[in-house]
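One structure below.
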Amino acid sequence: KAGVTQTPRYLIKTRGQQVTLSCSPISGHRSVSWYQQTPGQGLQFLFEYFSETQRNKGNFPGRFSGRQFSNSRSEMNVSTLELGDSALYLCASSLAASSDVTGELFFGEGSRLTVL
Amino acid sequence: AQKVTQAQTEISVVEKEDVTLDCVYETRDTTYYLFWYKQPPSGELVFLIRRNSFDEQNEISGRYSWNFQKSTSSFNFTITASQVVDSAVYFCALSRFLGNQFYFGTGTSLTVIP
């Protein structure tokens with residue numbers, strides 16, 4: 001069974017640009033979450049999607065957005081990039097049985113974004 | 001508010017030693033889940049265990065064991081007879097019973113020296 005796939009794995013952008021990261025969850029998983037990992041702040045929750053609807057959102061500015069498609073694949077977008085957005089962005093999928101129940105997260109290898 | 005504290009930032013042990021990674025959590029919820037994840041250098045977080053707040057039984061899986069104590073809000077992780085392959089960053093996490101939002105500790109970097 002294929003795991004969570006994230007693309008691209010590495011990317012370099014400059015300040016002011018925007019970036020789109022993609023995540024393909026494990027087949028059958030309907031919940032997709034995104035986390036930002038930095039040395040200073042650790043792992044921080046960005047948002048979670050279930051059946052194309054955002055149902056949880058962390059404390060990040062509006063420059064961070066996401067969406068989920070009908071096949072459960074998800075994208076996150078960061079606009080007007082800042083130096084502080086340099087991080088490893090991790091996507092995780094979960095076999096949540098319903099729209100609320102918590103399931104264990106299965107993570108991808110992440111997309112490492114460097115903002116110059 | 002939910003919070004997870006992993007006071008040990010870095011630990012080094014010699015191969016075959018036992019090591020315990022500490023995790024203390026804060027929540028006002030009566031029902032919640034606790035997790036441990038391992039992050040090797042590749043970056044992918046690997047799920048190790050999930051425990052719900054109803055179940056305080058300790059669990060053992062091979063060389064790994066977990067000690068959940070609600071009275072002290074702790075969920076510690078012990079590796080017995082450590083191996084070089086155990087070298088990684090280990091994260092403890094808490095989630096509410098409903099909703100898939102996880103709160104992670106800052107992680108403990110474990111180095112096992114051959």
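Read-outs throughout are calculated quantities, based only on the coordinates presented, and are distinct from any laboratory measurement. Not measured: the values here are computed from a predicted model. Here Cβ is always computed from backbone atoms with ideal geometry, including for glycine, and neighbour counts include all displayed protein chains.
Quick notes on this one:
- Hydrodynamic radius (Kirkwood) for segment B:1-42, which is based on Cα pairs only, to one decimal in Å: 13.0 Å
- Spatial offset of segment A:1-42 relative to segment B:99-114 amounts to 19 Å, using the alpha carbon center of each.
- Neighbour net charge for B:SER12 - beta-carbon separation under 14 angstrom, K R +1, D E -1: -4
- Quotient of C-alpha Rg and 2.2 N^0.38 Å, computed over the protein assembly as shown: 1.01
- Loop-located trypsin sites (Lys or Arg not before Pro) across segment B:1-93 with a Cβ neighbour count of 13 or fewer within 10 Å are B:LYS16, B:ARG28, B:ARG63, with loop assigned by DSSP.
- Under 21 Å from B:LYS3, Cα to Cα: lysines that are on another chain or at least 8 residues apart: A:LYS57, B:LYS38, B:LYS70
- Here is the tail figure for segment B:60-113: Cα pairs spaced more than 19 Å apart come to 40 percent of all pairs.
- Summarising the overall dimensions of chain A from its C-alpha atoms, the Rg and Dmax are 13.4, 41 angstrom.
- Amide hydrogen neighbours beyond the local backbone of A:SER31, cut-off 5 Å, H modeled: A:SER94, A:ALA96
- A simple count of charges around A:PHE107, restricted to other residues whose Cβ falls under 11 Å of its Cβ and scoring Lys, Arg +1 and Asp, Glu -1, yields -2.
- Calculated log₁₀ intensity ratio I(q)/I(0) where the Debye formula runs over C-alpha points of chain B, q = 0.12, 0.16, 0.17 Å⁻¹: -0.39, -0.69, -0.78
- Shown here for segment A:7-116: chymotrypsin sites (Phe, Trp or Tyr not before Pro) in loop regions (DSSP other than H, G, I, E, B) with at most 14 other Cβ atoms within 10 Å, namely A:PHE69.
- Here chain A is treated with +1 on each Lys and Arg Cβ and -1 on each Asp and Glu Cβ, and its dipole about the Cα centre works out to around 220 debye.
- In order along segment A:105-115, phi translates into HN-Hα couplings of 8, 10, 9, x, 7, x, 10, 8, 9, 10, 10 Hz, rounded to whole numbers, per the Karplus curve 6.51 cos²θ - 1.76 cosθ + 1.60 with θ = phi - 60° and x for Gly and Pro.
- Stokes-Einstein diffusion for segment B:11-70 at 37 °C, viscosity 0.692 mPa s, with a Kirkwood radius from C-alpha pairs, works out to 242 µm²/s.
- One decimal place: the segment B:LYS16-B:THR111 gains 33.0 nm when fully extended, by the rule 0.36 nm per residue minus the C-alpha distance.
- Within segment B:1-77, the chymotrypsin sites (Phe, Trp or Tyr not before Pro) that combine a DSSP coil assignment with at most 15 other C-beta atoms in a 10 angstrom radius are B:PHE54.
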